[in-house]
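What follows is calculated from the coordinates using simple rules that are stated; it is not laboratory data. Here the structure is a predicted model, which means the values were calculated and not measured. Note: ideal-geometry Cβ built from the backbone for every residue, glycine included; neighbour counts use all protein chains shown.
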Number of protein chains: 2
Amino acid sequence: MSRRSFHRAPEAERRHDLIEATLDCIAEAGLQGATVRQIAIKAGVTAGLIRHYFTSKEQILQEAYRVVIARLTEKAERVTGTPDERLRSFIVINLTEPVANSRSLSLWASFISRVSVDPELAAIHREGYLGFRNALEGLLADFLASRGLDAAPARCRSLAIAINGLLDGLWLEGCLAGELFEESELVSTALSSIEALIGQPIAPAA
Amino acid sequence: MSRRSFHRAPEAERRHDLIEATLDCIAEAGLQGATVRQIAIKAGVTAGLIRHYFTSKEQILQEAYRVVIARLTEKAERVTGTPDERLRSFIVINLTEPVANSRSLSLWASFISRVSVDPELAAIHREGYLGFRNALEGLLADFLASRGLDAAPARCRSLAIAINGLLDGLWLEGCLAGELFEESELVSTALSSIEALIGQPIAPAA
DNA sequence: CGTATTATTATACGCTTGAACAACTACGCC
DNA sequence: GGCGTAGTTGTTCAAGCGTATAATAATACG
């Protein structure tokens, strides 16, 4: 009896593939569907290999969560251009693909439901959340300053809370029931709503 | 050898207790912590009893989800008073206890992550969501009409989407990081933001 | 080309799970 | 006050879980 043949992959690639397989499992069947055997099947390897790269199932889930958060926030945190362009891009990015889709929500919700249980996940979560909100607060401060408006910390904070909430909520609605909204309806709703909150128009990209 | 003594409870009470125990398990340890054995321990009965009241574990989870949604929406859908009072109450209720707390979020997120997997849960979800948004749209239409403002369906819809998003998002922020906000900060942020969106003050309750 | 290294497979173990079912006991009824 | 009903218990079962480990095959290297 012979064993099946296999490919020896570089460590980075293999780890990436395993995490990707984990995310696929979670997106398709929830956290309960992400068993080591299912992950292995999805990655085209056998279950034992997972423990060669990760000390436990907990660990691969934690690293998978890091990837999820990074994908939800990294693009928005790297916007460039004038203050208007950056604020606008931030809004658009968070409400369009690939950030806003049902898979993102599935992944996000699966992990959120464990954040209150697993302290390690909670730490990863807090880090990502604070980074996101600080980025938004910075964009707002620059935007207000560029208009010569009041950019006092208290006002920035209050505005950031409201806008962050609005973006989160619209992202949620879009992910949960994207088919109920027309193309870009959420984006235009967000833009006009935020303009109303700030009391200023946001110049479109050139 | 004798068995432990037990109490024969009325069906409604027993079912209620079992569902309550299920929610406790989910809130404390996530969906994975809601095993039939754990639920039984929490309810003070033995595992076999659960299958006397529910045909499967899936079924008890579905009924538990119905309870979760009902608690998140029933209070807000029953506000009374003038249009201003009703709109204000709607906002306050959704951002204060018992709707807004970390337990609610844990339960909500646990189930949301399964909504895209289980069609039965998806149906329960859609029903609750539409009810909530219709209630909000009705409140807005009444509010706008009471001021003699444009209450055209398109405007109501657009406003409802934005306000619904804002409420969802702030609810989320409050549940996830309630300790980062001062008492009633979210409520006042929501009220002033929504006033800005509508372009009208909302009269406080008498 | 032969050999050392290690990534990967294959198998096994102990445990928990959802489910099934027979035995038992609380309680309503006459 | 005994009896029948059915709510409840206790036990069992197969399947699937995370983990451990020995055997094996792919690759790097002299």
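So the values come out like this:
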{"item": "Ranked packing of B:172-184, B:155-167, A:60-72, most packed first, by mean Cβ within 10 Å", "result": "B:155-167, A:60-72, B:172-184"}
{"item": "Charged-residue dipole, Cβ positions (Lys, Arg, Asp, Glu), the protein assembly as shown about Cα centre, Debye nearest 20", "result": "1640 debye"}
{"item": "Nearest-first distances (nm) between copies at B:Glu120, label 7 Å from Cα via Cβ", "result": "3.4"}
{"item": "Cβ neighbours within 10 Å from other chains - mean over A:30-42", "result": "2"}
{"item": "Calculated from backbone phi, Karplus (6.51, -1.76, 1.60) coupling profile of the range A:157-166 in Hz, x at Gly/Pro", "result": "4, 4, 5, 5, 4, 5, 5, 4, x, 4"}
{"item": "Within 10 Å of each Cβ in A:105-112, the average number of Cβ atoms from other chains", "result": "5"}
{"item": "The range A:104-109 - phi-based ³J(HN,Hα) in whole Hz, Karplus 6.51/-1.76/1.60, Gly and Pro as x", "result": "4, 5, 4, 5, 4, 5"}
{"item": "Cβ-vector label at 7 Å, A:Ser5, separations to other copies in nm", "result": "7.3"}
{"item": "14 Å beta-carbon shell around A:Leu31, net charge (K/R +1, D/E -1)", "result": "-2"}
{"item": "Other-copy label distances relative to B:Thr80, 7 angstrom Cα-Cβ extension, nm", "result": "6.1"}
{"item": "Closest approach to the B/A rotation axis among chain B Cβ atoms, residue and whole-Å value", "result": "B:Gly169, 2"}
{"item": "Derived scalar couplings ³J(HN,Hα) [the range A:181-198; Karplus, 6.51 cos²θ - 1.76 cosθ + 1.60; whole Hz; x for Gly, Pro]", "result": "10, 6, 3, 6, 5, 5, 5, 5, 4, 4, 4, 5, 5, 5, 4, 5, 5, 7"}
{"item": "Farthest toward positive dipole pole in the protein assembly as shown [+1 Lys/Arg, -1 Asp/Glu at C-beta], among A:Ser102, A:Ala43, B:Ala122", "result": "A:Ala43"}
{"item": "Under 18 Å from the Cα of B:Lys57 - lysines, other chains or at least 8 residues apart", "result": "B:Lys42"}
{"item": "Residue-averaged beta-carbon neighbours from other chains (10 angstrom radius) around A:157-164", "result": "5"}
{"item": "Net charge of neighbours whose Cβ lies under 12 Å from the Cβ of B:Cys175, counting Lys and Arg as +1 and Asp and Glu as -1", "result": "-4"}
